[in-house]
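The values are calculated or read from the model by the stated rules, or taken from the named source; none is laboratory data. Remember, predicted model here, so these are calculated numbers, not experimental data. Here Cβ is always computed from backbone atoms with ideal geometry, including for glycine, and neighbour counts include all displayed protein chains. When the accessible area is computed, the model is the full protein with side chains, heavy atoms only, and any ligands, DNA or RNA have been set aside. Shrake-Rupley method; radii C 1.70, N 1.55, O 1.52, S 1.80 Å.
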Amino acid sequence: MRLKKRSGGVDLGETTRNPWTQDHQEAAEKRDSAAVAVEPEPEPEPGTDRCEEYTQIKPYAGMPKEVLLLYSSQARYRVPREVLFWLTVACTLTLLALTATVIALSPRCLSWWQASPVYQVYPRSFKDSDGDGVGDLTGILEQLDHFQFLNIKSIWISPFYRSPMKDFGYDVEDFRDIDPLFGTMRDFEELLAEMHNKGMKLIMDFIPNHTSDRHRWFNLSRIRDPHYEDYYVWTDCSATSPKPNNWVSVFGNSSWTYDAVRGQCYLHQFFKEQPDLNFRNPHVRQEMTDIIRFWLGKGVDGFRMDAVKHILEATHLRNEPQVDPNKPPESITSEWDLHHDYTTSQLGLHDLLREWRAEMDVFSREPSRYRFMVTESYDYHEVDKTMMYYGTPLVKESDFPFNFYLLDLPHNTSGMWVQHLVHLWMANMPKGQWPNWVVGNHDKPRIASSAGQAYSRVINMLLLTLPGTPTTYYGEEIGMENINVTDSQIQDPFAKFNKSASRDPQRSPMQWSSNTNAGFSSKLNTTWLPVHPNYRNVNVEVQKQDEGSVLAQYRFLNTLRQTELPFQRGWFCYIHADANVFSYLRELDGHSKAFLMVLNFGKQSAITDLSSVPELPDQLKVLMSTNQVNNGMVLQRSRILTEAGEGLVIQYSTPTRYNPNHPTQCYVSEKACYLEAIDILYKC
């Protein structure tokens, strides 16, 4: 390149003109030239600056690097570039800080077992797919749409292991196999896969306390196989006096049975066909842990741990103290006759459960595959023992122990009694833990029968609006009742000893439709238990067509529970209880929307005056009533009318919250606040 100097600047020579700005003729002439001479650059005159500016006014395409650098250093190009750079840096840092703040302040997402009710399926009675009169796994698969209709994601299925069925599956012959009555392992795997495809979770029953007397381990233990000799609890006794102590079975009479093969007695806290395992033996502990791993490896999402308080017994085998010391010892035949100081809740029990929890946590490391654990223990008035199953602040145990106190609802139909039962759990539950509620299961009478059909709707409303996880026993969503079972129809082995304690009435086939056998079985064969005679009116198909049915109201309440933040995360506050009505609030700090529940458990209509609660607006609108004609009704705070068995869900908006001024009446498990302006939850 040749540069020509001139006064006050430099200019580009002819040979530096951009070829793209030349006309066609000049381009041709250049191509015809053999060479272009470049004059040597003369030495700069003394006193002149070699780096003087070009006279070119604007940058141009194809400029050389030297020219580009000269232009880029000018203020009008440099300053905007630096401003944009630092603005980008500032925006990036702000975004990172905002993201970190949101992550730090955001509450933990609710897990699947918290967001959805748990629905218990009793497989013998849910759906029969092959016409043998007994429900099975394929039948459950066929009815998965029912759970989707109810928006239920957590399904607990009662035992379907291989079993002689002396206690309908709770006497396990093989923990790694499916009983042919219910199907095959392939049927199970298909059911599990389809449940996962539909976003559902499967909870299995795990029965650690005992096996069937037909289990391979027991048969090897009877013949004193060196490895299996101490797999069960054995002690010396004789055939003529098989009572090493006064321990009594849950089902009545002695907990000991003499075995002629071994020449000793074995312990069974349930039926004699259910010998207790010896968890003092490390091999037994390992066997049961391996079984947990087996099913978790197949993809099971959780376990309900059965009868956990019975797992360990005192090794000294002393007599348990009598409730009535004056009662003749030979007349002790019932579990209620003794204080079970040596056969339940023994030292080491919680260590064992925490070991199993740790195994489940290993599998919970899979993304979105948390493994759930719930324990079953009827501790009655010893609620502090039940609360121990939550674990400690440092060591987790079960996600929650089943709360059976609402099973006592029928004992006293009053609002104060209901509040007492709710408070019993909430006041004793460790801080920050998650509550749960049960009103029925396969061992207890159906709530619609024990409390009365008139109360089934209001009980469902209580179940689905209290804080925590509700558990629904199959059929409760349509108000199924107990059946009457004649002597010739008895199936429950327990009823053969005590007919009044039969569990058959609450285990009748699910009522799907008005068809033969209530749609439970398509064949004309007799079902394993009779279908309730009211099945033509009380069934899923009929109630789906009725907006005011028990099913429709259950579905509405469950949807409300899962879509409204005050029910998921909010405070629970008692505000009123009397001989008829139990009333409480569900509210969330920062959220303008709140809910008032007014539930009448009494035997007569009642007018509730809540004018003493200034946090409520004067006028209240009913969002839902169990009596459909009252939906949308506007009520005065001082005069809320409910009929016996009626429940109201009232939605209201107010900037004032009840919980700050009444801390002793309010509870929250996982506290969060709501920022309405940008619709987010945050820790507070």
(request) Residues being assigned to a helix (DSSP H, G or I) and either without any contact (Cβ under 8 Å) to a residue 40 or more places away in the chain or open to solvent by less than 50 Å² (accessible area, probe 1.4 Å) (or both): count how many of those fall in segment 396-418. (result) 9
(message) Just to be sure before I move on: is Ser488 surrounded by fewer than 24 Cβ atoms within 10 Å (Cβ to Cβ), in a helix (DSSP H, G or I), out of contact with any Phe, Trp or Tyr (no Cβ under 6 Å at 6 or more places or on another chain) and small (Gly, Ala, Ser) in the structure I sent?
(response) yes
(request) Kindly indicate whether Val323 is in contact with a His (Cβ under 8 Å, 6 or more places away or on another chain) and open to solvent by 60 Å² or more (accessible area, probe 1.4 Å). (result) yes
(message) Going through Tyr389, Tyr342, Tyr370, Tyr380 one at a time, which residue ends up being open to solvent by less than 70 Å² (accessible area, probe 1.4 Å), out of contact with any strand residue (DSSP E or B) (no Cβ under 7 Å at 6 or more places or on another chain) and within 24 Å of Gln120 (Cα to Cα)?
(response) Tyr370
(message) Which condition from (1) part of a loop (DSSP other than H, G, I, E, B); (2) surrounded by fewer than 21 Cβ atoms within 10 Å (Cβ to Cβ); (3) under 34 Å from the mean Cα position of the chain (by Cα) is the one that His316 breaks?
(response) (3)
(request) Could you give me the residue pairs with C-beta distances under 7 Å whose first residue belongs to segment 172-200 and is in a loop (DSSP other than H, G, I, E, B) and among the charged types (D, E, K, R), whose second residue is open to solvent by 60 Å² or more (accessible area, probe 1.4 Å) and at pLDDT 95 or above wherever it lies, and which are 6+ apart or on separate chains? (result) Glu173/Arg162; Glu173/Arg214; Asp179/Arg162; Lys198/Gln148
(request) Taking Asn441 as the residue in question, decide whether it is buried (at least 18 other Cβ atoms within 10 Å of the Cβ) and not in a loop (DSSP other than H, G, I, E, B). (result) no
(request) Might you let me know whether segment 246-255 holds any residue that is free of Cβ contacts under 8 Å to residues at least 24 places away in the same chain, in a strand (DSSP E or B) and buried (at least 17 other Cβ atoms within 10 Å of the Cβ)? (result) yes
(message) Being part of a strand (DSSP E or B) and of a type outside the set (S, T, N, Q) is the filter here; which residues of segment 352-395 pass it?
(response) Phe372, Met373, Val374, Gly391
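Condition check ((1) in a strand (DSSP E or B); (2) under 26 Å from Gln433 (Cβ atoms); (3) not aliphatic (A, V, I, L, M)) across all residues:
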residue	(1), (2), (3)
Ile575	yes, yes, no
Ala579	no, no, no
Tyr584	yes, yes, yes
Gly602	no, no, yes
Ile607	yes, no, no
Leu610	no, no, no
Leu616	no, no, no
Leu620	yes, no, no
Leu623	yes, no, no
(message) What's the number of the only condition in (1) over 22 Å from Ser116 (Cα atoms); (2) touching a helix residue (DSSP H, G or I) at 6+ places or on another chain (Cβ under 8 Å); (3) at pLDDT below 95 that Gln568 fails to meet?
(response) (1)
(request) With a cut-off of at least 3 residues that are under 30 Å from Gly199 (Cα atoms), open to solvent by less than 20 Å² (accessible area, probe 1.4 Å) and touching a residue at least 24 places away in the same chain (Cβ under 8 Å), name the helices (runs of 4 or more DSSP H) lying wholly within segment 78-168. (result) 123-126, 144-150
(request) Check whether at least one residue in segment 218-228 is acidic (Asp, Glu) and surrounded by 15 or more Cβ atoms within 10 Å (Cβ to Cβ), and report yes or no. (result) no
(request) Give me a count of the residues in segment 504-557 that are in a loop (DSSP other than H, G, I, E, B) and buried (at least 19 other Cβ atoms within 10 Å of the Cβ). (result) 15
